[in-house]
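One structure is given here, and the rest of the page talks about it.
The values are calculated or read from the model by the stated rules, or taken from the named source; none is laboratory data. Remember, predicted model here, so these are calculated numbers, not experimental data. Because the Cβ atoms are built from the backbone with ideal geometry, glycine has one as well, and the counts that use them run over all protein chains shown. To get the accessible areas, we keep the full protein, side chains included, count just its heavy atoms, and leave off ligands, DNA and RNA. Shrake-Rupley method; radii C 1.70, N 1.55, O 1.52, S 1.80 Å.
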Amino acid sequence: MSQKQFLVQLSAHERDRLQGIIRSGKHKARKITRCRILLMANGPNGKTDQEIADALNVALATIFNIRRRYAQEGLEPAISERPRSGQPPKFKGRAAAKITAIACSTPPAGQAKWSLRLLADRAVELKIVDAISHQSVSNILKKTNSDRT
């Protein structure tokens, strides 16, 4: 992870853009950290990876990756968030709205209020979804700020 392998040479416009992002405070912390890494690594007299890691409390691999992305892809890809892997949400949109509507309705006879398991069973019974866990129902209700159970 040598500093010389991917040298960061920011133009005046790029430096101004990075400093503007840092000053505005309207961006995610990760993006601001990436901007700081590039500013500290700028030029032949820029700080070493270890100095940057110590100053910003980030891993050396992170610094190496930011330098590499800047050298190979440019400024925007170096500071922007890449899509993350992982499974997309299974229940969104209409299904989530219907589950929330059930939670807001009158509970079944003999029940004082809906339980998460009852909601999950009712959603399957009404064929809103093929299968759903009570935890998924909880997550849906959390996102809608509904505390009906």
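Things to note:
- Residue tally, condition under 15 Å from SER80 (Cα atoms) and either open to solvent by 70 Å² or more (accessible area, probe 1.4 Å) or touching a Cys at 6+ places or on another chain (Cβ under 6 Å) (or both), over region 20-39: 8
- For region 64-72, the condition holds for no residue, the condition being that it is under 30 Å from LYS31 (Cα atoms), out of contact with any helix residue (DSSP H, G or I) (no Cβ under 9 Å at 6 or more places or on another chain), modelled with pLDDT of 90 or more and open to solvent by less than 50 Å² (accessible area, probe 1.4 Å).
- Given (1) open to solvent by less than 40 Å² (accessible area, probe 1.4 Å); (2) assigned to a loop (DSSP other than H, G, I, E, B), number of the condition ARG84 does not satisfy: (1)
- Cross-chain or 6+ apart pairs with Cβ under 6 Å, region 72-100 first and among the basic types (Lys, Arg), then surrounded by 12 or more Cβ atoms within 10 Å (Cβ to Cβ): LYS98/ILE128
- Residue that is over 30 Å from ILE128 (Cα atoms), exposed (fewer than 13 other Cβ atoms within 10 Å of the Cβ), in contact with a helix residue (DSSP H, G or I) (Cβ under 8 Å, 6 or more places away or on another chain) and small (Gly, Ala, Ser), where the choices are ALA78, ALA55, ALA61: ALA55
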